[in-house]
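As structure tokens, the structure follows; a few thoughts come after it.
The values are calculated or read from the model by the stated rules, or taken from the named source; none is laboratory data. Model, not experiment: these values are computed from the prediction. Glycine gets a Cβ as well: all are built from the backbone with ideal geometry, and neighbour counts include every protein chain shown. Note: areas computed on protein heavy atoms with side chains; ligands, DNA, RNA excluded. Shrake-Rupley method; radii C 1.70, N 1.55, O 1.52, S 1.80 Å.
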Amino acid sequence: MDTQAHGAPISGWRLRLASSPAPGTPPEVVRALSAPGGVPASVPGTVHTDLLAAGLIDDPYLDDAEARLAWVGRCDWRYEADVDHAAGGGHERLDLVLDGLDTVAVVEVDGAVLASTANMHRSHRLDVRPVLRGGSTLAITFASPVVAADTASVEMGWRPQVNTHPYNAVRKMACSYGWDWGPDLPTSGAWRPVSLEAWSVARLASVRPVATVAGVTGDHPSGHLAVHVEVERSGAPGADRPLAVEVTLHCPGGDPLVARTLVPSDGATALVELEVQDVALWWPVGHGDPARHHVRVVLDVEREAAGAHPLDVWSGHVGFRTVEWDTSADTAPSGPHGVLGSSMTLLVNGRPVFVKGVNWIPDDCFPHRVDRERYAARIEQARGAGVNLLRVWGGGIFESDDFYDLCDDAGLLTWQDFLFACAAYAEEEPLRSEVEAEARENVARLAHHPSLVMWSGCNENLWGHEEWGWEARLDGRTWGAGYYYDLLPRIVAELSPQVPYTPGSPFSSMEPVADGGLFPNDDDHGTAHLWEQWNEKDYATYRDHAPRFAAEWGWQGPPTMATLRRALSDDPLTPESPGMLAHQKAINGDEKLVDGLAPHFRIPDGIDDWHWATSLNQARAVRLGVEHLRSLSPHCSGSIYWQLNDCWPVTSWAVVDGDGRPKPAWYALRAAHADRLLTIQPRPGGLTLVVVNDSDEALTGPVEVRRTSFDGTVVAAEVLDVCVAARATLEVVLPDDVAAPGAPDRELVVATASGDAGRRGSRALWFFAEDRDSALARQVDALSVSVHPEPGGYRVDLAATSLVRDVAVLADRLDPGARTDEMLVTLLAGERASVRVSTAVTLDAGHLASSEVLRSATQLVTDVRRIGAASSRG
């Protein structure tokens with residue numbers, strides 16, 4: 001919101017303890033906080049970051065500092081700042097605007113209580129003009145988030161959840177209390193701005209633009225913009241006068257459109273409507289231009305035209321597009337298993353869009369540190385990996401306006417969970433009113449973003465109620481169904497009618513199971529979460545599933561070595577040294593890493609080989625999973641990988657680690673998301689070439705398929721003429737002479753699209769044996785490398801005399817700021833490739849070619865020292 005009201009952030013904050021220190025609070029911290037004035041503090045901010053800035057605690061992300069800081073979440077905290085009535089500047093109102101308090105707080109001015117709050121996810125506005133004097137003290141006291149959650153859980157009655165703290169009892173970011181990828185660092189503080197806003201007569205309390213489209217299938221779609229406005233009056237004498245609301249819509253390449261309406265003296269709402277002929281549509285990335293239209297809303301007293309100094313102004317952007325999810329029942333058996341189910345297909349402007357998504361978690365445990373620049377970096381990494389949708393997970397937050405604005409501009413679709421995750425939630429007061437207030441505020445705030453294509457009631461709660469033993473434990477207590485099936489859909493229908501709603505993820509039908517609905521996590525209907533692979537099985541068993549839409553699935557891997565070395569001081573650093581264990585939050589996570597590695601590679605001992613093996617295994621799982629799901633299109637219409645990002649340095653499912661560095665898995669995701677993709681899949685009818693064409697042009701031409709030995713000898717070959725329509729998929733069962741191996745341990749199938757040669761996705765490989773059982777073990781001298789300085793970095797030239805799988809230059813091991821343009825490069829016998837390393841520092845060429853930096857899958861089944869020596873000969 002761009003407002004011309006006289007608002008200003010409050011500065012000069014101070015932090016102190018609000019009560020007796022919790023057990024474990026260091027004496028030096030108590031002394032510092034007891035000093036006159038306490039310690040300087042920041043708003044937006046949190047207690048943890050203020051204590052860190054004051055030098056009173058270690059960085060919570062390093063080593064085992066998280067565990068040593070448990071006392072922070074068990075203390076009550078008080079923020080104070082000096083304010084003055086003169087800030088009103090003669091205006092009729094002076095409002096204290098609290099954009100986000102985390103979480104259970106009391107707001108006072110000179111000891112007089114103005115408000116008590118209990119919701120991190122909503123804002124508050126208080127008229128403080130009557131209570132402010134010269135030199136008043138504003139104080140915000142935050143109750144211990146750990147004690148507050150425990151107390152609320154007892155008062156409302158225990159309900160199942162998946163954490164050590166009852167996060168489901170308070171309206172606070174669930175993962176603040178820890179998660180299977182996040183630390184237990186319950187925060188306190190004003191995490192969004194606190195300001196004083198002076199105004200007179202009236203202000204824009206809410207502006208909610210709704211952009212819709214008619215006739216989208218024609219050549220000249222027409223748009224309709226309805227701007228819903230709520231006005232708050234100051235209450236001063238004369239403020240009950242007629243008001244004018246003027247809306248200006250700036251159309252790309254056209255003249256602005258203007259419409260006005262009057263708000264009568266006793267009115268508080270207005271509706272301004274505009275018709276747009278031949279409107280430019282907003283399209284998601286890969287499907288067209290994400291055209292946006294600027295909207296300006298001006299509030300003023302009634303006059304012929306807007307004055308030079310209006311009462312208030314709102315500005316933002318809208319996009320004209322239609323969105324629906326086709327969930328119609330199949331009329332014929334579908335998919336490789338020949339089932340009758342129901343589809344889950346996203347349609348934007350009437351066009352089916354295969355979702356190539358990733359799940360998004362808060363990018364920092366202290367979310368006030370995530371600014372527009374950091375959002376932009378993550379969103380660019382998502383786009384760079386071929387992603388077209390970000391699902392904002394329900395255990396986090398409603399992200400800031402910057403996040404959704406950047407997604408709009410980038411053409412990245414967004415799916416927003418309401419903030420309920422992996423738990424049962426009370427539906428009684430006081431929680432119910434808080435839920436309704438936060439939902440109304442955030443739906444109204446976000447609904448106009450064209451990128452938003454789904455509101456989802458919760459994460460895994462429908463599934464949890466049916467399969468995690470909740471029903472017996474609840475013993476009749478409410479668990480959230482009233483939110484997901486009644487309250488939230490009513491709010492969405494009222495405030496965001498242009499955006500679809502689903503009760504949760506996973507889900508299979510719009511009705512609860514108790515009312516005849518389907519089991520929530522059903523491959524054949526709606527959305528599915530696939531976690532048995534990571535938890536119990538191998539990632540190859542993704543191929544046993546043919547979901548209509550996979551909204552969550554993933555595989556773990558460690559952060560990059562540069563991130564590990566920055567965060568941990570373990571000496572020696574090993575896969576199970578203390579810091580490594582402290583930065584692995586998944587239950588039995590390291591055991592699952594090893595169990596998932598064993599079918600593919602032998603288990604390494606040292607940290608360098610273990611790190612590379614588990615990183616590569618994650619990348620392999622990502623690529624196999626995405627390619628399998630895309631090969632099922634249109635039976636399967638989407639994949640949302642868990643997860644894009646991390647909030648701190650940790651071993652997790654993310655493809656971008658907690659320091660923002662892409663893992664090898666990011667490169668695998670990028671490869672698997674290629675618009676034109678060749679992949680070889682095992683099907684009931686035999687080994688099958690699948691050609692996926694997610695582009696607007698038909699893919700035609702020959703595809704050469706050959707069975708070859710690792711040394712390059714071609715055993716059998718065929719040329720297939722393929723023709724794949726735009727946004728379509730073709731399956732071709734491979735001939736037996738190509739598909740049947742003579743020597744499984746030393747042969748592979750290679751399929752290459754001649755017309756797309758060299759383009760990402762234009763080649764598919766199929767191996768008959770796992771690496772650990774293959775003849776790669778005898779390819780010791782297969783790779784040579786030479787390193788050449790270039791402007792801005794280095795070029796690493798590779799040449800293979802025999803098959804070398806998944807070559808990666810892990811340049812961050814030499815320079816934490818280094819980046820590579822390619823990774824996981826597989827070279828067949830006689831092939832050459834180049835990898836470019838961007839770095840601002842001078843590197844040793846020999847180090848770039850060393851066995852610790854230049855890695856491959858081949859190294860994991862050979863003597864590492866020997867392959868390193870062979871690689872460095874040049």
Do we find a residue being of a type in the set (F, W, Y) and within 25 Å of the chain's Cα centre (by Cα) anywhere in segment 508-529?
-> no
Would you point out which residue out of R208, R192 is within 30 Å of E92 (Cβ to Cβ), assigned to a strand (DSSP E or B), open to solvent by 10 Å² or more (accessible area, probe 1.4 Å) and of a type in the set (K, R)?
-> R208
Matching residues in segment 673-691 - criterion: being within 25 Å of G830 (Cβ to Cβ) and open to solvent by less than 20 Å² (accessible area, probe 1.4 Å) = A674, L677, L678, T679, I680, L689
Scope segment 446-485; condition within 30 Å of H293 (Cβ to Cβ) and open to solvent by 20 Å² or more (accessible area, probe 1.4 Å); matching residues | H448
Those residues that are among the charged types (D, E, K, R), open to solvent by less than 40 Å² (accessible area, probe 1.4 Å) and under 17 Å from L677 (Cα atoms), I need them from segment 692-735; list them, please.
-> D694
All-but-one check, V131 against (1) assigned to a strand (DSSP E or B); (2) more than 30 Å from F366 (Cα to Cα); (3) open to solvent by 10 Å² or more (accessible area, probe 1.4 Å), failing number (1)
Candidates V370, V353, filtered to the one that is touching a residue at least 12 places away in the same chain (Cβ under 8 Å) and farther than 27 Å from S637 by Cα | V370
Before we move on, is V83 surrounded by 21 or more Cβ atoms within 10 Å (Cβ to Cβ), of a type in the set (V, I, T) and over 28 Å from A152 (Cβ atoms)?
-> yes
Within segment 45-60, tally of residues that are open to solvent by 20 Å² or more (accessible area, probe 1.4 Å), assigned to a loop (DSSP other than H, G, I, E, B) and under 25 Å from D570 (Cβ atoms) = 4
Can you find a residue in segment 752-762 that is on the phi < 0 side of the Ramachandran plot, at pLDDT 95 or above and within 39 Å of the chain's Cα centre (by Cα)?
-> yes
Go through segment 805-828 residue by residue and tally those that are open to solvent by less than 30 Å² (accessible area, probe 1.4 Å) and either aromatic (F, W, Y) or over 17 Å from Y667 (Cα atoms) (or both).
-> 2
Applying the selection to segment 354-382, what residues are of a type in the set (D, E, K, R) and more than 12 Å from the chain's Cα centre (by Cα)?
-> K356, R369, D371, R372, E373, R374, E380
Criterion: among the charged types (D, E, K, R) and either crowded, with 18+ Cβ neighbours inside 10 Å or within 20 Å of N617 (Cα to Cα) (or both) - qualifying residue of D771, D797 | D771
Given (1) surrounded by 16 or more Cβ atoms within 10 Å (Cβ to Cβ); (2) polar (S, T, N, Q); (3) free of Cβ contacts under 8 Å to residues at least 60 places away in the same chain, number of the condition S34 does not satisfy | (1)
The residue that is nearest to W455 (Cα to Cα), considering only those in segment 482-535 that are among the aliphatic types (A, V, I, L, M) and touching a Ser or Thr at 6+ places or on another chain (Cβ under 8 Å), is M510
Quick one: how many residues across segment 596-615 are crowded, with 20+ Cβ neighbours inside 10 Å and more than 19 Å from L814 (Cβ to Cβ)?
-> 7
Mind listing whichever residues of segment 514-533 are buried (at least 23 other Cβ atoms within 10 Å of the Cβ), outside any loop (DSSP other than H, G, I, E, B) and not small (G, A, S)?
-> T527, L530
Which condition breaks for A426 when tested against (1) of a type in the set (G, A, S); (2) open to solvent by less than 10 Å² (accessible area, probe 1.4 Å); (3) at positive phi?
-> (3)
Select from segment 278-312 the residues that are over 30 Å from S695 (Cβ atoms) and surrounded by fewer than 19 Cβ atoms within 10 Å (Cβ to Cβ) and list them in ascending order.
-> H294, R296, V301, E302, R303, E304, A305, G307, A308, H309, P310
Is segment 325-341 home to any residue that is within 22 Å of the chain's Cα centre (by Cα), at pLDDT 95 or above, surrounded by fewer than 23 Cβ atoms within 10 Å (Cβ to Cβ) and not hydrophobic (A, V, I, L, M, F, W, C)?
-> no
Kindly establish whether R670 is open to solvent by 10 Å² or more (accessible area, probe 1.4 Å), among the charged types (D, E, K, R), out of contact with any His (no Cβ under 9 Å at 6 or more places or on another chain) and within 15 Å of G761 (Cα to Cα).
-> yes
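So that you can scan it fast, the table gives a plain yes or no per residue for (1) outside any helix (DSSP H, G or I); (2) over 26 Å from A777 (Cβ atoms):
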{"position": "W555", "(1), (2)": "yes, no"}
{"position": "L564", "(1), (2)": "no, yes"}
{"position": "L581", "(1), (2)": "no, yes"}
{"position": "V594", "(1), (2)": "no, no"}
{"position": "W610", "(1), (2)": "no, no"}
{"position": "V626", "(1), (2)": "no, yes"}
Scan G625, G638, G606, G658 and give me the residue that is under 17 Å from P575 (Cα atoms) and small (G, A, S).
-> G606
Looking only at segment 134-184, which residues are closer than 26 Å to D64 by Cα, under 29 Å from the mean Cα position of the chain (by Cα), assigned to a loop (DSSP other than H, G, I, E, B) and not polar (S, T, N, Q)?
-> V162, H165, P166, K172, M173, G178, W179, D180, W181, G182, P183
Out of all the residues in segment 137-161, which are open to solvent by less than 20 Å² (accessible area, probe 1.4 Å), in contact with a helix residue (DSSP H, G or I) (Cβ under 7 Å, 6 or more places away or on another chain) and either closer than 15 Å to L94 by Cβ or of a type outside the set (G, A, S) (or both)?
-> P145, V146, R159, P160
Scan segment 224-242 residue by residue and report those that are modelled with pLDDT under 95 and open to solvent by less than 20 Å² (accessible area, probe 1.4 Å).
-> S234, A239
Assess whether T752 counts as being hydroxyl-bearing (S, T, Y) and open to solvent by less than 40 Å² (accessible area, probe 1.4 Å).
-> yes
Does segment 75-85 hold any residues that are farther than 16 Å from P9 by Cβ and free of Cβ contacts under 8 Å to residues at least 60 places away in the same chain, and which are they?
-> H85
Test set (1) surrounded by 14 or more Cβ atoms within 10 Å (Cβ to Cβ); (2) outside any helix (DSSP H, G or I) - V72 fails condition number = (2)
Picking from S851, S802, S856, S786, the residue that is among the polar types (S, T, N, Q), open to solvent by 20 Å² or more (accessible area, probe 1.4 Å) and either under 33 Å from the mean Cα position of the chain (by Cα) or closer than 27 Å to D605 by Cβ (or both) would be S851
